[in-house]
1. For region 1-80, please list each of the strands (runs of 3 or more DSSP E) lying entirely inside it that holds at least 3 residues being over 25 Å from the mean Cα position of the chain (by Cα).
2. Out of the residues in region 448-477 meeting the condition of being at pLDDT below 95 and of a type in the set (S, T, N, Q), tell me which one is surrounded by the fewest Cβ atoms within 10 Å (Cβ to Cβ).
3. From (1) under 19 Å from Lys477 (Cβ atoms); (2) in contact with a helix residue (DSSP H, G or I) (Cβ under 7 Å, 6 or more places away or on another chain); (3) within 14 Å of the ligand (Cβ to nearest atom), pick out the condition that doesn't hold for Ala14.
4. Quick one: what pairs do we get from region 9-25, first residue more than 19 Å from Thr49 (Cβ to Cβ), second in a strand (DSSP E or B) and within 7 Å of the ligand (Cβ to nearest atom), C-beta under 7 Å, 6+ apart or different chains?
5. Tell me, yes or no, whether region 255-263 has at least one residue that is over 19 Å from the mean Cα position of the chain (by Cα) and within 16 Å of the ligand (Cβ to nearest atom).
6. Pick from Glu231, Glu221, Glu226: which is among the acidic types (Asp, Glu), more than 19 Å from Phe144 (Cα to Cα), in the same structural domain as Ala140 (by TED's automatic domain parsing) and exposed (fewer than 15 other Cβ atoms within 10 Å of the Cβ)?
7. Being touching a strand residue (DSSP E or B) at 6+ places or on another chain (Cβ under 6 Å), closer than 16 Å to Ala332 by Cα and part of a loop (DSSP other than H, G, I, E, B) is the filter here; which residues of region 351-366 pass it?
Amino acid sequence: MKIVNIAAELAPIAKVGGLGDVVGGLSSALIKEGQDVEVILPKYLNLNTKLLKDFKVYKRNFKIFEKRRWHSNTRYSARLISVKIYLIEDKKNYFAKPKIYGYKSDVNRFLYFCKAALEFLKSEGELIDILHLHDWHTAAIATFYKKIYSLEKKLKVKKIVLSIHNLKYQGHCKPKDIDNLGFDGRSLLKDDLLKDPFRPRTLNLLKGGFIFADKIIPVSENYAKEILSKENSYGLFKIVNKTKKKIKGIINGIDTIYWSAKTDKFIKYKYFEEQPLKKIIDAKKNNKKVLQKYLNLEEADKPLVCCIGRLVEQKGPDLIKHAILRSIKLNAQFVLLGAIFNKKIGRSFYNLQKALKGNKNIAIRFEHNEKLAHMLFAATDFVLVPSLFEPCGLTQMIGFRYGSIPIVRKTGGLADTVFDLDDKKILANKKNGFTFEKFSTSALDSAFTRAINFWYKNPNKCRSVMKKNMSLNFSWKKSANKYLKTYKNLLK
Ligand code: ADP
């Protein structure tokens, strides 16, 4: 089966969050299942090309029409482990920027990329079984293919799949932005097409994805149910419910080779699940000491809580701040690693960092730091994910793999993967963490306090849960097989 992924991110060469992990992990897992998979990605300025093999120019001077002019582009080919990759470099400087997202021109940048990717596939002339799109950045491809390219008959795609990693980001533009590509934007401004439900003169690119994709895959089963509600569909309630039959949730996996305490090049003391409990705990303790030194924390045997994620509203910034303060009271250590995307949220965290300066039990880092993320997973006892909503969530799963215990709000994929150790209704062998339901500081407090008390008062049980969590199977193999089954059903 020929599967082409078109996406804005691909871990580890271009990653902001989970989207990148998914595109990378799913592609390699599908290749292991014998499928022919490739990924098309913009060539960003800071793309980590050192990690690529056979990186070379594939075609120069590939022309794309935009804003009444032809623009020259270069296409590169490479391999990332076993995944075939094509990178599109534009001479307009849409992608030669330091960040992947966060520019005023984001919508134009990704619309341009959508057209360039389609033109690229058209020029290759291969028959594609599954064209797999990811979030709003590439959702417009479903519209362009069904409305334009499929009519030209030069590009043959059997089915289009759209993964929903986050429904909140939808990609809004004006008809003229589509006109700029040489297509007819105004013709899409209709209720049953891309017209935004709330802004009558605006097009909604993700809405187009729901209409024109053949299958919609939210990244967990629970999230697939949640997005059917008014509250969680972010204005797309009508179209999501209208296309309900096409929606099927599949939980993400994690790349178990990349995330492995046995081989992780970023951690000093390696460990693995088959080892005796003491060995695992000792390795984690040693990694904790390395981390404490690295972050200038007190070198004490205390419970450690880590939170790793984008500092945006979705991730519950107020609850994270509350947990940081709470950990001081409960004699725990806390490390926050999060990049800032929003000035207001950023300011409040900077203020907290300033107020806690000199506190040897708290470390707050505002950056994207792959190495530190690995060091944290290997050292930590607890991983905190207090999200307002969470389509799947990867850090709780990566945390399991490194023998830690999650403390999460029961939402989206977190509710599909974390089961409370104190909940009598849950089977003992399923229990693996601490959960809370209400999005409030008091609900967080109760789960957070139970977790820290568990570490102090019930150390043996706590350690055995940590070891057991390492054996939980959230590998891509399982999820990739679900994707494969879905693809096959679509092609029947
Ligand atoms: P989202 O996709 O909403 O950003 P996920 O939990 O699904 O959240 O995925 C986040 C991924 O990004 C995880 O692999 C996590 O380790 C990583 N990550 C998030 N923030 C950082 C950071 N500041 N530094 C390093 N890795 C990060």
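The values are calculated or read from the model by the stated rules, or taken from the named source; none is laboratory data. As the structure is a prediction and not an experimental result, all values here were calculated from the model. Ideal geometry is used to build each Cβ from the backbone, glycine not excepted, and the neighbour counts take in all protein chains shown.
1. On the way: elements: 2-6, 36-42, 53-66, 69-80.
Output list reads 53-66, 69-80.
2. Residues of region 448-477 that are at pLDDT below 95, as a first pass: 473-477.
Next cut, of a type in the set (S, T, N, Q) only: 473, 475.
On the way: Asn473: 10, Ser475: 18.
Among them, the one singled out is Asn473.
3. In the conditions (1) under 19 Å from Lys477 (Cβ atoms); (2) in contact with a helix residue (DSSP H, G or I) (Cβ under 7 Å, 6 or more places away or on another chain); (3) within 14 Å of the ligand (Cβ to nearest atom), Ala14 misses (1) alone.
4. none
5. Within region 255-263, the first condition is being over 19 Å from the mean Cα position of the chain (by Cα), and the residues that meet it are 261-263.
Next, from what is left, pick out any that are within 16 Å of the ligand (Cβ to nearest atom): 261.
Among the residues of region 255-263, at least one is over 19 Å from the mean Cα position of the chain (by Cα) and within 16 Å of the ligand (Cβ to nearest atom), which makes the answer yes.
6. On the way: Glu221 fails: exposed (fewer than 15 other Cβ atoms within 10 Å of the Cβ); Glu226 fails: exposed (fewer than 15 other Cβ atoms within 10 Å of the Cβ).
On inspection, the qualifying residue turns out to be Glu231.
7. As a first pass, look at region 351-366 and keep what is touching a strand residue (DSSP E or B) at 6+ places or on another chain (Cβ under 6 Å): 353, 356, 361-366.
Those still in the list that are closer than 16 Å to Ala332 by Cα too: 356, 361-364.
Once the filter is applied, which keeps residues that are touching a strand residue (DSSP E or B) at 6+ places or on another chain (Cβ under 6 Å), closer than 16 Å to Ala332 by Cα and part of a loop (DSSP other than H, G, I, E, B), region 351-366 yields Leu356, Asn361.
Residue-by-condition table, conditions (1) more than 11 Å from the ligand (Cβ to nearest atom); (2) hydrophobic (A, V, I, L, M, F, W, C):
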position: Ile6; (1), (2): yes, yes
position: Leu10; (1), (2): yes, yes
position: Asp21; (1), (2): no, no
position: Gly25; (1), (2): no, no
position: Glu38; (1), (2): yes, no
position: Leu41; (1), (2): yes, yes
position: Leu45; (1), (2): yes, yes
